[in-house]
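Here's the structure we're looking at; comments come further down.
Since every read-out is calculated from the coordinates, none of them should be taken as a lab result. Model, not experiment: these values are computed from the prediction. Here Cβ is always computed from backbone atoms with ideal geometry, including for glycine, and neighbour counts include all displayed protein chains.
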Amino acid sequence: MKAILTMIKQNGNKTENERLLFDTEKSKEICEVKNVHGFVVEKIYLSPGGIIFSKITNQEKLKVQDQELAKEYIAEHHPETYIEIFGEVKRA
């Protein structure tokens with residue numbers, strides 16, 4: 001699935017909009033997000049350019065994720081995958 005999405009970039013005090021092509025076939029699927037009933041409602045991907053985005057399964061729609069919130073979700077729910085993609089973290 002492909003979609004051109006607008007990503008907002010903060011550069012100091014300046015905000016810029018950039019349109020980027022996201023493609024699930026050329027990106028790495030990181031994990032699935034399931035609802036309380038165990039149904040997959042979203043799939044999280046990492047683009048070749050390093051941007052996290054997701055595919056909403058029931059709407060066949062792509063959306064750009066808040067990058068830090070997505071990393072937090074992956075770290076909490078899929079720690080091994082997080083380490084594989086983003087590198088080792090300090091042990092507690």
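Placing unit charges on each Cβ (+1 for Lys and Arg, -1 for Asp and Glu) gives the chain a dipole about its Cα centre, and among Ile74, His37, Phe53 the Cα reaching farthest toward its positive end belongs to Phe53. Near the amide H of Gln65, within less than 5 Å, lie the amide hydrogens of Phe53, Ser54, all on another chain or at least 5 residues away, with H placed in the peptide plane. Between His77 and Asn58, the simple spin-label model (points 7 angstrom out along Cα→Cβ) gives 1.5 nm.
Ranking request for peptides 21-31, 79-89: highest mean number of other beta-carbon atoms within 10 Å first, then the rest in descending order.
Working: 21-31: 14.7, 79-89: 12.0.
Going from most to least packed, we get 21-31, 79-89.
Figure legend: label point modelled 7 angstrom from the Cα of Met7 along Cα→Cβ; residues of the stretch 64-85 with amide N under 18 Å from it are 64-74, 85.
Please give the peptides 5-17, 65-77 ranked by average Cβ packing (other Cβ atoms within 10 Å per residue), highest first, as a rough proxy for protection.
Numbers: 5-17: 8.8, 65-77: 14.2.
Packing proxy ranking, top to bottom: 65-77, 5-17.
Taking amide H atoms as placed 1.01 Å from N in the peptide plane, the amide H of Thr57 lies under 5 Å from those of Glu42, Lys43, each 5 or more residues away in sequence or on another chain.
Charges were assigned to the Cβ only: +1 to each Lys and Arg, -1 to each Asp and Glu. The resulting dipole of the chain about its Cα centre is roughly 220 debye.
Here the Kirkwood formula puts the hydrodynamic radius of the chain at 14.3 Å, using every distinct Cα pair.
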